[in-house]
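Inspection log for the structure reproduced underneath, given as structure tokens.
The values are calculated or read from the model by the stated rules, or taken from the named source; none is laboratory data. Nothing here was measured: the structure is a model prediction, and the numbers come from that model. Neighbour counts run over all protein chains shown; Cβ positions are idealised from the backbone, glycine included.
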Amino acid sequence: MKKLRVLDIVECTTVDGPGFRTSIYMAGCRHRCLGCHNPESWNELAGEEYTVEELMLVIQSDPISHVTLSGGDPLLQAETCAELCRRIKSETDKSVWCYTGYVWEDIIAQANPHVMSLLHHIDVLVDGPFVLAQRDVELLFRGSSNQRLIDVQKTLVSGRVEEWHR
């Protein structure tokens, strides 16, 4: 059984998407953005291992919080994150957000089957690396102006980036 490397789980947070959220911070990030707010997440071996079942118990224990995958970069663990998100979408009515330092166009061009499976089970993708020179504390749910809030399901249907709006 595959496991996910998780740095932290923060329940009832309101900073990683709309409403209350259970944010799962994955270990491992290769972007190493200058000014990163979570550089301890860069180490792919940091944190603890969790099964999908263990994470589902945490997620289901909170009836009001939606789910956010952050990190680190969840796309580095795409296969098991896809399984987790498939379960979330099939067993709950929770929305799923995912943060990545990769840009949508590059993600799609690579056509990694595990990443594509993950995309089919998330609602919003916050894409792009954090760019310190473009830092903007006024932005909703992201740190720099190059990052986008992408409505994944609309984007997959239309074939062009459709930004999420509150």
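Structure above, values below:
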{"read-out": "Residue ID - surrounded by the fewest Cβ atoms within 10 Å (Cβ to Cβ), chosen from residues in segment 56-100 that are aliphatic (A, V, I, L, M) and under 13 Å from I9 (Cα atoms)", "value": "L57"}
{"read-out": "Residue list for segment 43-70, filter: out of contact with any Ser or Thr (no Cβ under 9 Å at 6 or more places or on another chain), of a type in the set (A, V, I, L, M, F, W, C) and free of Cβ contacts under 8 Å to residues at least 40 places away in the same chain", "value": "L57"}
{"read-out": "Extreme residue, farthest from the chain's Cα centre (by Cα), among residues of segment 113-139 that are under 26 Å from R87 (Cα atoms), of a type outside the set (A, V, I, L, M) and surrounded by fewer than 20 Cβ atoms within 10 Å (Cβ to Cβ)", "value": "P113"}
{"read-out": "Test: residue in segment 4-14 that is modelled with pLDDT of 95 or more and farther than 28 Å from V137 by Cα", "value": "yes"}
{"read-out": "Options L132, L125: the member that is touching a residue at least 24 places away in the same chain (Cβ under 8 Å), of a type in the set (A, V, I, L, M) and farther than 19 Å from M26 by Cβ", "value": "L132"}
{"read-out": "Matching option when the condition is in contact with a Ser or Thr (Cβ under 9 Å, 6 or more places away or on another chain) and among the acidic types (D, E), among E162, E138", "value": "E162"}
{"read-out": "Scope segment 34-46; condition assigned to a loop (DSSP other than H, G, I, E, B) and within 15 Å of the chain's Cα centre (by Cα); matching residues", "value": "N38"}
{"read-out": "Residue match in segment 150-163 (condition: touching a residue at least 60 places away in the same chain (Cβ under 8 Å) and either surrounded by fewer than 21 Cβ atoms within 10 Å (Cβ to Cβ) or not hydroxyl-bearing (S, T, Y) (or both))", "value": "no"}
{"read-out": "Tally, over segment 22-42, of residues that are under 21 Å from V67 (Cα atoms) and in contact (Cβ under 8 Å) with a residue 40 or more places away in the chain", "value": "9"}
{"read-out": "Residue that is surrounded by the fewest Cβ atoms within 10 Å (Cβ to Cβ), among those in segment 1-20 that are among the β-branched types (V, I, T) and more than 17 Å from S61 (Cβ to Cβ)", "value": "V15"}
